[in-house]
Amino acid sequence: MSYTTKFSGKLSFVNELKAKQLAKIKFFIEDSVLELTEDFSGLEIEETVNHGDEVPVFINDMLTEFPDILLEGYLVAQGEDLNDLWKVVIIEGKAERINFFTEDGMIECPHCKKQFKLGF
């Protein structure tokens, strides 16, 4: 059985990539779910089937492989389950997964950080 995770947002390159860096990134992400943006200014992903949890791991592998390439921004992920809502953010040069829902079913507003429970 497959499980789809949809993404929105973008991870932007802090500095414009040189041709050699761009070629390395293209090769590295070739077999991944990540894509270069049309203007080559960052990475994005629309959706993945059965690989959503691997996205932050893959980004960290890429950042380890290419320490001279810096990213900023975030990707928001929504799985098929309503409470499967999370984001990938770059914190101190590493990709981290942050869940919007807490273990007790509360959701945290990404803007004001207040927590509330959805009515379902």
Requested in this report: Please name all residue pairs, on different chains or six or more residues apart, with Cβ atoms under 6 Å, provided the first residue is in the stretch 15-41 and is free of Cβ contacts under 8 Å to residues at least 40 places away in the same chain and closer than 17 Å to Phe58 by Cα and the second residue is loosely packed, with under 14 Cβ neighbours inside 10 Å and of a type in the set (A, V, I, L, M).
Outcome: none
Report summary line: Considering residues that are more than 21 Å from Ile91 (Cβ to Cβ), touching a strand residue (DSSP E or B) at 6+ places or on another chain (Cβ under 9 Å) and aliphatic (A, V, I, L, M), the number found within the stretch 12-28 is 1
Requested in this report: Mind listing just one residue for me: the one in the stretch 1-50 that is among the basic types (Lys, Arg) and loosely packed, with under 15 Cβ neighbours inside 10 Å and, of those, nearest to Ile98 (Cα to Cα)?
Outcome: Lys6
Query - Selection within the stretch 54-94 - modelled with pLDDT of 90 or more and among the acidic types (Asp, Glu) - result: Glu54, Asp61, Glu65, Asp68, Glu72, Glu80, Glu92
Report summary line: The number of residues in the stretch 51-82 that are farther than 19 Å from Leu36 by Cβ, free of Cβ contacts under 8 Å to residues at least 60 places away in the same chain and surrounded by 14 or more Cβ atoms within 10 Å (Cβ to Cβ) is 2
Report task. Within the stretch 35-56, identify whether any single residue is among the hydroxyl-bearing types (Ser, Thr, Tyr) and under 13 Å from the mean Cα position of the chain (by Cα), and answer yes or no. Result -> yes
Query raised in the report: Where residues in the stretch 83-110 are buried (at least 18 other Cβ atoms within 10 Å of the Cβ) and in contact (Cβ under 8 Å) with a residue 24 or more places away in the chain, which of them is farthest from Leu36 (Cα to Cα)?
Result: Lys87
Report summary line: Given the conditions (1) within 15 Å of Lys87 (Cβ to Cβ); (2) at pLDDT below 95; (3) touching a Lys or Arg at 6+ places or on another chain (Cβ under 7 Å), every one holds for Glu44 apart from (2)
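The values are calculated or read from the model by the stated rules, or taken from the named source; none is laboratory data. The shown structure was predicted, so the numbers you read here are calculated from the model rather than taken from an experiment. Positions of Cβ are backbone-derived with ideal geometry, glycine not excepted, and every protein chain shown enters the neighbour counts.
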